Amino acid sequence: FRRLGLRGMKQRLLVVANRLPVSANRRGEDQWSLEISAGGLVSALLGVKDVDAKWIGWAGVNVPDEVGQRALTRALAEKRCIPVFLDEEIVHQYYNGYCNNILWPLFHYLGLPQEDRLATTRNFESQFDAYKRANQMFADVVYQHYQEGDVIWCHDYHLMFLPKCLKDHDNNMKVGWFLHTPFPSSEIYRTLPSRLELLRSVLCADLVGFHTYDYARHFVSACTRILGLEGTPEGVEDQGRLTRVAAFPIGIDSDRFKRALELPAVKRHISELTQRFAGRKVMLGVDRLDMIKGIPQKILAFEKFLEENPAWNDKVVLLQIAVPTRTDVPEYQKLTSQVHEIVGRINGRFGTLTAVPIHHLDRSLDFHALCALYAVTDVALVTSLRDGMNLVSYEYVACQGSKKGVLILSEFAGAAQSLGAGAILVNPWNITEVADSIRHALTMSSDEREKRHRHNYAHVTTHTAQDWAETFVCELNDTVAEAQLRTRQ
Ligand code: G6P
């Protein structure tokens, strides 16, 4: 199986994702500064070494002029990145609209937008049209850079129409598609008006991957129920052509976190934080400020805990890092105000002259500050309402080598399948259960903490991002080789 391993191989990998791993800021007519962007996919693929990979994606900015586009293309080339230029209108319709207002909530079981149904239906059609046009623009950039034998790895819900564009252009391209969100039950998926076109396009890929077996199973059911195709243990079959479907759970580059903890700057951060919170237990939440992350529910559970355990008032603090995201989408704007309102109310209710129970930050932290936070905190609360995998839970475990903090983890995050034996699993909708778990975590014996941590640490340090990528690409090579063999026979 490993015979086509990535290490040292000559084969090129073209990673195609909506976002590049860097975001660009314009500093002058032809001057750009580049910064690593946030998100699980970025953090996983940054952990993949030793491959001849190029990354094709949107730079996250509108660059209407040619001078700017040429300068940015040059700057990105140094990072092995290739930009796709999308104008404001298409970003609005494709990214804010179809991707983040329709597919994202639907795939996380929050349903299709419901207010003003007629307007939504009209928008829906123009947004789907923009989605297909945007996918075609990604495909056009792939064609320009493709060389025979390259592996093309398409990522996520933004690019479900891409496999079809690529195969229509050249049926010999080796195409894999991987979804980083859950794939919902077919009963949810079938409400999507464009359900047929998207499934048919994804099936053009040679290999389709998901984080968990359940998501793969839901996808196969959608193909059998909605398209009437045959599902086999290998995948989905359509007129003799097999699309292989399988689960490939992602991981992180755990060594990068372990190494960071040895750096003087991180050690300094750790000792500052330890002094700052001396005498108090510290709980941590790190999430993009997204409705799927269940931040309001988490904060309400913390309030319930404070209410029911007055002895803990002033002895525990929740640090919630809420990284702003998709700020042009109205749902996200509403969520920001809602979270601020709840945090303000709880701090007013339980705060004292010297301390407040919740520290809420609406911004991202740099990597070193984040590692220090992961290392010093006693409990991490990852209580997503749904989450494809959730790598914050992995990152927390990787940084807890000495402290052996407790992970409270939503049973609806993909990570629950791998870290379930070490974490305290919760239903994030059940505020009483989460409040009880907080008490359990804060009062847990060191033996139990040690045992739980050992389990999770072993998993996180052995199932890395590199293994994930290698396994996917090897499987894609094997799938294509087997299909070629079958057609020759
Ligand atoms: C999730 C998605 C990624 C996305 C990331 C950040 O992890 O699966 O594809 O890049 O969120 O979201 P954004 O909309 O800022 O790219």
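The values are calculated or read from the model by the stated rules, or taken from the named source; none is laboratory data. Everything numeric here is computed off the predicted structure, so don't read it as measured data. Because the Cβ atoms are built from the backbone with ideal geometry, glycine has one as well, and the counts that use them run over all protein chains shown. Remember, those area values only see protein heavy atoms, side chains included, never the ligands or the DNA or RNA. Shrake-Rupley method; radii C 1.70, N 1.55, O 1.52, S 1.80 Å.
Run PHE219 past the list (1) under 21 Å from the mean Cα position of the chain (by Cα); (2) in contact (Cβ under 8 Å) with a residue 60 or more places away in the chain and report the number of the one that doesn't hold.
(2)
Give the residue that is nearest to VAL356 (Cα to Cα), with candidates limited to residues of the range 302-332 that are touching a Ser or Thr at 6+ places or on another chain (Cβ under 7 Å) and within 16 Å of the ligand (Cβ to nearest atom).
VAL323
Among the residues that make up the range 196-209, is at least one of them of a type in the set (S, T, N, Q), in contact with a His (Cβ under 8 Å, 6 or more places away or on another chain), touching a residue at least 12 places away in the same chain (Cβ under 8 Å) and buried (at least 22 other Cβ atoms within 10 Å of the Cβ)?
No, that holds for no residue.
Looking only at the range 150-157, decide whether some residue is open to solvent by 10 Å² or more (accessible area, probe 1.4 Å) and within 16 Å of the ligand (Cβ to nearest atom).
Yes, there is a match, as at least one residue in the range 150-157 is open to solvent by 10 Å² or more (accessible area, probe 1.4 Å) and within 16 Å of the ligand (Cβ to nearest atom).
If you check every pair at least six apart or on different chains, which have Cβ atoms under 8 Å apart with a residue in the range 388-411 that is among the basic types (Lys, Arg) first and a residue that is surrounded by fewer than 24 Cβ atoms within 10 Å (Cβ to Cβ) and not in a helix (DSSP H, G or I) second?
Close Cβ pairs satisfying both conditions: LYS403/ASP378.
For the range 228-269, how many residues meet the condition of being surrounded by 15 or more Cβ atoms within 10 Å (Cβ to Cβ), aliphatic (A, V, I, L, M) and farther than 17 Å from GLU475 by Cα?
Here the count works out to 5.
Would you list the helices (runs of 4 or more DSSP H) that sit entirely within the range 355-459 and hold 2 or more residues that are under 23 Å from THR325 (Cα atoms)?
367-376, 392-398
Picking from LEU72, LEU46, LEU14, which residue would you name as being within 16 Å of the ligand (Cβ to nearest atom), of a type outside the set (Val, Ile, Thr) and either within 26 Å of ASP140 (Cβ to Cβ) or at pLDDT below 95 (or both)?
LEU46
All but one of (1) over 24 Å from GLN147 (Cβ atoms); (2) modelled with pLDDT of 90 or more; (3) assigned to a strand (DSSP E or B) hold for SER23; state the number of the condition that does not hold.
The failed condition is (2).
Any residue in the range 158-174 that is assigned to a loop (DSSP other than H, G, I, E, B) and of a type in the set (Phe, Trp, Tyr)?
Yes, the range 158-174 has at least one match.
Scan the range 107-124 and tell me whether some residue there is under 22 Å from the mean Cα position of the chain (by Cα) and open to solvent by less than 10 Å² (accessible area, probe 1.4 Å).
yes
All but one of (1) without any contact (Cβ under 8 Å) to a residue 12 or more places away in the chain; (2) within 16 Å of the ligand (Cβ to nearest atom) hold for GLY231, so report the exception by its number.
(2)
Take LEU284 and tell me if it is crowded, with 19+ Cβ neighbours inside 10 Å and either away from the ligand (no atom under 16 Å from the Cβ) or without any contact (Cβ under 8 Å) to a residue 40 or more places away in the chain (or both).
When the stated conditions are applied, LEU284 passes them.
State the number of residues belonging to the range 390-404 that are of a type in the set (A, V, I, L, M) and open to solvent by 10 Å² or more (accessible area, probe 1.4 Å).
The qualifying residues number 2.
Is the range 446-456 home to any residue that is closer than 18 Å to ARG280 by Cα and among the polar types (S, T, N, Q)?
Yes: one or more hits.
What are the pairs with Cβ atoms under 7 angstrom where one residue, in the range 98-111, is under 21 Å from ASN135 (Cβ atoms) and the other, located anywhere, is at pLDDT below 95 and open to solvent by less than 10 Å² (accessible area, probe 1.4 Å)? Sequence gap at least six, or different chains.
ASN100/VAL329; ASN101/VAL329
Determine if the range 258-280 includes at least one residue that is under 18 Å from the mean Cα position of the chain (by Cα), outside any loop (DSSP other than H, G, I, E, B) and touching a residue at least 12 places away in the same chain (Cβ under 8 Å).
No, that holds for no residue.
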